[in-house]
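For reference, the structure discussed in these notes is given below.
The values are calculated or read from the model by the stated rules, or taken from the named source; none is laboratory data. As the structure is a computational prediction, the values presented were derived from the model and not from experiment. Cβ sites come from the backbone with ideal geometry, for glycine too, and all protein chains shown count toward neighbours. Surface areas here come from the heavy atoms of the whole protein model, side chains and all, with no ligands, DNA or RNA. Shrake-Rupley method; radii C 1.70, N 1.55, O 1.52, S 1.80 Å.
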Amino acid sequence: NLVLDGLGASVRPAELTPCGSVKEFVDHYGLRIDRQPFDWDRYSYAVDAYECDHQWVVLQAAAQTMKTAFMMSWFLHKLVLEWGCMAGVYFPNNDMAGQFSNVRFAPFVRGNRVLARHFGADIAGDMKGQDAVHTRTFGPSTARFLSAVGRASTESMPLRVVMLDEVRRMSIGDVERIEKRMAAQARPWFVAGSTASYADGAIGKLFAETL
């Protein structure tokens, strides 16, 4: 069950720990991708990304291999770390956002016995969980799965955690509007990932800003 602190805010349950890095989080909970454990020897080139503790991360990948696994692990880690936060996952359109939520992220979380107890409709205790395709809860944290296109989804809410995927198919204007959702946050977390595209595209420009 959730415990309330003196101010009425929910305290992260003892069985949930953000650990240090995303890699430590993955190892601690034994997270699995497509029912298989993470193979750090096979994907040794990805270890640096999982150990990165920067608040602003841009991943420009040569191929899809391990990109989605990293993005899901990073996002879940931040939902635990920033307990009670509002978080947003953005894709180029609503169909892609819904498919990621339903086909990749939900099975990823529910595949873990401990984490599943705090996810969506599976939440134990007195708290009601949301389990719609475009809105899911993890404990008191809320994750929205949205389209990057259109002001309604990019300008309607403050966000502590933001994840952008398939950025090569987004416009730089849409990315900039999403970034503004974090402007009021003292400690925002941001990750953008995509396979590589032209240097003047959205992912190329974001990547260049981190150099």
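If you go through the stretch 22-37 and keep only what is under 22 Å from Ser194 (Cβ atoms) and surrounded by 13 or more Cβ atoms within 10 Å (Cβ to Cβ), you end up with Val22, Lys23, Val26, Ile33.
Only one residue in Leu79, Leu59, Leu16, Leu31 is aliphatic (A, V, I, L, M), modelled with pLDDT under 95 and farther than 22 Å from Ile172 by Cα. Which one? Talk me through it step by step, then tell me what you get.
Working: Leu79 fails: modelled with pLDDT under 95; Leu59 fails: farther than 22 Å from Ile172 by Cα; Leu31 fails: modelled with pLDDT under 95.
On inspection, the qualifying residue turns out to be Leu16.
Restricting attention to the stretch 41-53 and to residues that are aromatic (Phe, Trp, Tyr) and at pLDDT below 95, the residue that is least open to solvent (accessible area, probe 1.4 Å) turns out to be Tyr43.
Listed conditions (1) hydrophobic (A, V, I, L, M, F, W, C); (2) surrounded by 21 or more Cβ atoms within 10 Å (Cβ to Cβ); (3) over 10 Å from Val22 (Cβ atoms); (4) touching a residue at least 40 places away in the same chain (Cβ under 8 Å) are all met by Trp74, apart from (3).
Listed here are the residues, each with its yes/no results for (1) within 24 Å of Thr195 (Cβ to Cβ); (2) part of a loop (DSSP other than H, G, I, E, B).
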{"position": "Leu16", "(1), (2)": "no, yes"}
{"position": "Asp39", "(1), (2)": "yes, yes"}
{"position": "Ala46", "(1), (2)": "yes, no"}
{"position": "Tyr50", "(1), (2)": "yes, no"}
{"position": "Ala63", "(1), (2)": "yes, yes"}
{"position": "Ala69", "(1), (2)": "yes, no"}
{"position": "Phe75", "(1), (2)": "yes, no"}
{"position": "Leu79", "(1), (2)": "no, no"}
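Matching residues to (1) open to solvent by 10 Å² or more (accessible area, probe 1.4 Å); (2) at pLDDT 85 or above; (3) under 21 Å from Trp56 (Cα atoms):
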{"residue": "Ala106", "(1), (2), (3)": "no, yes, no"}
{"residue": "Val114", "(1), (2), (3)": "yes, yes, no"}
{"residue": "Thr135", "(1), (2), (3)": "yes, yes, no"}
{"residue": "Gly150", "(1), (2), (3)": "yes, no, no"}
{"residue": "Leu159", "(1), (2), (3)": "no, yes, yes"}
{"residue": "Val162", "(1), (2), (3)": "no, yes, yes"}
{"residue": "Gly173", "(1), (2), (3)": "yes, yes, yes"}
{"residue": "Glu176", "(1), (2), (3)": "yes, yes, yes"}
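Per the conditions (1) closer than 28 Å to Ala61 by Cβ; (2) at pLDDT 75 or above, the sole criterion not satisfied by Thr154 is (2).
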